[in-house]
Structure formats: structure tokens, C-alpha cells
Amino acid sequence: MRGESGAVSRVLVVDDDAGVRFTLREMLRSLSGVEVEQAEDGEAALEKLASRAFELVITDLRMPRMDGMELVRRVSGAPHAPRIIVITAHGSERFAVEAVKAGAYDYFRKPFDVDELLAVVTRALESVRLRHENERLTGELNLSRSMVFSSEPMGRLAQLVQRAGSRDVTVLITGESGTGKERVAEALVRASPRANGPYLRFNCAALTEELAEAELFGHSKGAFTGANRVRPGLFREADGGTLLLDEVGELAPPLQAKLLRVLQEGEVRPVGEDRPVKVDVRILAATHRDLRKRAAEGQFREDLYYRLNVVQLRVPPLRERPEDIPVLSRMFLDRFSGRFHTGPLKVPPGFVDRLMALPWPGNVRELENTLESLVALSSEGELDLSLLPTSEPRSAGAASTGPVAEGLRSEEGEAATGMGLKERVEAYERGLVLDALRIEGGNRSGAARRLGIGRATLHDKLRKYGLDSAPDEGGEGRS
């Protein structure tokens, strides 16, 4: 009996009689893919259950120290509890019925009938497999509302998102820039009991320390220059719901201490007020930084790291899931061909293979920007492979690092555009803006400096080219 993804099904046999444990182990070994461990009583069983996962527990009811009934009560209420089958002596079926009411899956009698025992065990393990499969499919459906994927690593992430989302715990979402951490946060909220409550996002790198404190915790009227009215703050606005702290690794040290207080005490102290205010907010945090390393270097509070890292979900980079590139590419090509009214695009041979061979250090965001540029420069409905980036490392300071700049600066790329002068100039400018944003990790201030223009001018260009929904100050783009 194989579990999810062909894994071995682990069964724990609990009985104070060594002979019974031996008999059960030998019987269970006749089932394919079953691994059996043993414990002499309920307390020993709990120790084993705490150290590794089991799909099934078979336990006697009468044992010293901790009996089977107490074991059923302790285990059955735990998240993702194993199925429990109880063993009952002839004539004491009423105890088995009580155990089932307490959370046991089924029971069988002593002396053992081999066929009955194996039938009950097989049904229990199959129910576990179906539970895992349902959870996986539900998780993939949930995450696919935000992200497109077909790879096994993302399928596994979807399952973990579903599990973590349904529990009211703090989640730390890690991963490189451009992988889609904010999309994972959205899926967590959808799977949460707080799904109908408010969901707010705060970019910890976007504001100065003083403004960030007022934005997060609120302030009273007159608390500082410009505080002309009372502001409740994001924590109070998110009361009963969820708050995503994006780029939490950039949070200033004084704010780290205040955030720790919120996590520990469930209360915030608005700027200019003496009395704290109770809040009920689930915290999700996202970062591309290694917070453990930053904590070791004294750049991030270690106690806050452990408070945030109750559950950690890592979003794999695109190079670890190249199977997702074909489905992502189809989505982006359809999206941009519709936006630019190019009509059906002819995809040249080897196009997908070429995409899958590239390293994509900017992950899904870089793939999206590259294909947007490529479609914008398509000639007569055909994509030009010469406009794709090379697999060689690119210098972050080079002015022509993006596919648009590379393509337009080549004679072949210029001839292939099929556009008038105005359209080509605008496409070139749009490509430079996209390249600058990609190099600066979405940071608009950095992109403006790189382009040698003011931030207001950059905002005008983003609106002009339909990029005003692009992330600000290092925030993540959609994937």
C-alpha cells in the first residue's frame, strides 16, 4: 500500500504484549509498501508520533501508563492525525465503540482473523491516501487561482499552502525576488478561516522608519508634524483578518521590537498614545533575504525571526521548476498578444527549449517582462528568437541588459520590428523602463535613478505604457 507520490505507508503498532506486536508486524508485512514500527504503550507511542509521521496507528486498549483510549483522545485531535485502529478483546466491543466515538477510525477483535485485519488496515490506508489526494487537488486549485504551474515542486507547495492556510499560524514566505511570494500569500488567505476578513499588505521597504511606524500602528492627531487626523493603522484596519508584511527583512530595528510586541501580546501602541490597543490579526511575512543569516549577523532580531518562522514556505526559483516555463510562456504570450493586438503568434521551432535553457535570475517576473518585450516587437505575427537574452551572465550596470535594448540595437532587430519610427521609439523607451525595473528588483526610485529621470517622470511613463500596476520599492510582480 503506497501513500502519496508512491511513498511508503508507515504503521505504528502499540501493545504491551511483545508477542502481539510481533504477530501484527508479520501480518502487516504481507501488504506491499508498508513499514511497521512498534511501541509498548501509549506514552512510548506519543514519543514516536512526535518524531516522525505515521499514516496509521494500531493500538490495544488496555495498557499500562497510558491506555489506548487516552492515546486515541490525544492523537485524533491533532492536525493531520493518522488513522487509528483499536484492538479489542472478544466480548468488549462496547469499548471499541467508545474509542470510535473518541476519534478512532475502526477496530478489530482478538484473536486476529488475518483477512479481517488486512481488510480494515487496507481501508484505513486507502482513506489516508484519498485524504492526501483531496488535499493536494484542493491546494493546487487554490494556488492556481494566483499562479500558473505544472511542476511537482509547485504542486507540493500548493499542498503545504492549503495545510498552513487552514491553520491560524504565522507564516514566513521565502524565495528569490520575482518568484511570486505575494501570490502565495493570497492563496494562504483564501485557504484561511479569515478569508472573509480584511486582507492588507504593507511593504516594509517602502517608507522611512517614522512613516512606517505610523502606517502600521496608527497615530493620534498631532502626534507629529503633519498628523492632522487620527489614523488607526494597518494592524487595527486588519483586525479579524490578515496582514502581509512584504520584504519584512528591511524593517528598521526599532520597528522590529514593536512588531515582536504585537506577535507576543496581540496589541499595538499608536504613535502619540499611552494605552495599547488589542488586535486580532494573522501575520504573513515575505522576504527574499536569509533572515536566519541576518539574525546571526545582528541585522535582524533573532526572537522576531523565530516568531515569524512558525511555518516557513519556500517558493522555488524558476530554474528549479523548468517544467513550469512552457505553461507560463503560453499564458504570457496569450496575454500580451491580446494587449498589443498582434493576432495569433507563430512560435518558431525550439522557442520553448530556448526559454527552458535560460537561467532566469529574475524568475517569473523576468520571464514575463521578456515575453512582453518580445511580443511588442513581433513582426507579422512571428516571434523573433534573436531578441531573447543570452544564457551568459549579464552585467547589472549595462545599459542594454534587456531583450528590448539588445534587439533594437542590432540591425536584425530593427529590421524585424515592422513599426513606424514613433512606435519603435516608444517600444525602445518602454523596454528601457522594463529593464531598469527588473535590474532594480522593482524598486521605482532605483529605476528612476538608473534612467536618469525623476520619480514623477517615471510614474508618467509607467502610466503611458500600462505599467502603473508594476510593484513599487522592491515589491514582487505577479506571476
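The values are calculated or read from the model by the stated rules, or taken from the named source; none is laboratory data. Just so we're clear, the structure is a prediction, and the values are computed from it rather than from any experiment. So basically every Cβ, Gly included, is an ideal-geometry build from the backbone, and we count neighbours across all protein chains shown. Calculation scope for accessible area: heavy atoms of the full protein, side chains included, ligands and nucleic acids excluded. Shrake-Rupley method; radii C 1.70, N 1.55, O 1.52, S 1.80 Å.
Of the candidates LEU243, LEU207, the single residue that is surrounded by 16 or more Cβ atoms within 10 Å (Cβ to Cβ), under 26 Å from ARG163 (Cβ atoms) and not β-branched (Val, Ile, Thr) is LEU243. Looking only at the stretch 288-312, residues that are crowded, with 21+ Cβ neighbours inside 10 Å and closer than 21 Å to GLU210 by Cα come to 2 in all.
Scanning the stretch 79-121 for residues that are assigned to a helix (DSSP H, G or I), among the basic types (Lys, Arg) and within 44 Å of the chain's Cα centre (by Cα) returns a single hit, LYS101. The condition (being over 28 Å from THR179 (Cα atoms) and not in a strand (DSSP E or B)) is satisfied by just one residue among ARG229, ARG289: ARG229. Pairs linking a residue in the stretch 101-114 that is within 22 Å of GLU55 (Cβ to Cβ) to a residue that is in a helix (DSSP H, G or I) and of a type in the set (S, T, N, Q), with Cβ atoms under 8 Å and 6 or more positions apart or on different chains, are ALA102/SER76; GLY103/SER76; ALA104/SER76; TYR105/SER127; PHE112/THR23. Please go through the stretch 312-365 and pick out each residue that is under 20 Å from GLU140 (Cβ atoms) and either in contact with a Cys (Cβ under 6 Å, 6 or more places away or on another chain) or free of Cβ contacts under 8 Å to residues at least 12 places away in the same chain (or both). Hit for the stretch 312-365 is ARG330, nothing else. Of all the numbered requirements in (1) in a helix (DSSP H, G or I); (2) farther than 29 Å from LEU437 by Cα, ALA158 misses one, and that requirement is (2). When residues in the stretch 165-182 are screened for being in contact (Cβ under 8 Å) with a residue 60 or more places away in the chain, assigned to a helix (DSSP H, G or I) and open to solvent by 10 Å² or more (accessible area, probe 1.4 Å), 1 of them pass.
The rows are residues; the columns are (1) farther than 20 Å from ASP113 by Cβ; (2) aliphatic (A, V, I, L, M); (3) open to solvent by 70 Å² or more (accessible area, probe 1.4 Å).
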residue: SER30; (1), (2), (3): no, no, yes
residue: ALA39; (1), (2), (3): yes, yes, no
residue: LYS48; (1), (2), (3): yes, no, no
residue: PHE54; (1), (2), (3): yes, no, no
residue: THR59; (1), (2), (3): no, no, no
residue: ASP67; (1), (2), (3): yes, no, no
residue: ARG74; (1), (2), (3): yes, no, yes
residue: ALA78; (1), (2), (3): yes, yes, no
residue: GLU98; (1), (2), (3): yes, no, yes
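Go through the stretch 1-38 and count every residue that is more than 30 Å from the chain's Cα centre (by Cα), of a type in the set (Ser, Thr, Tyr) and modelled with pLDDT under 90. The total comes to 2. Among the residues making up the stretch 451-471, a single one is over 17 Å from LEU371 (Cβ atoms), at pLDDT below 80 and surrounded by 19 or more Cβ atoms within 10 Å (Cβ to Cβ): PRO471.
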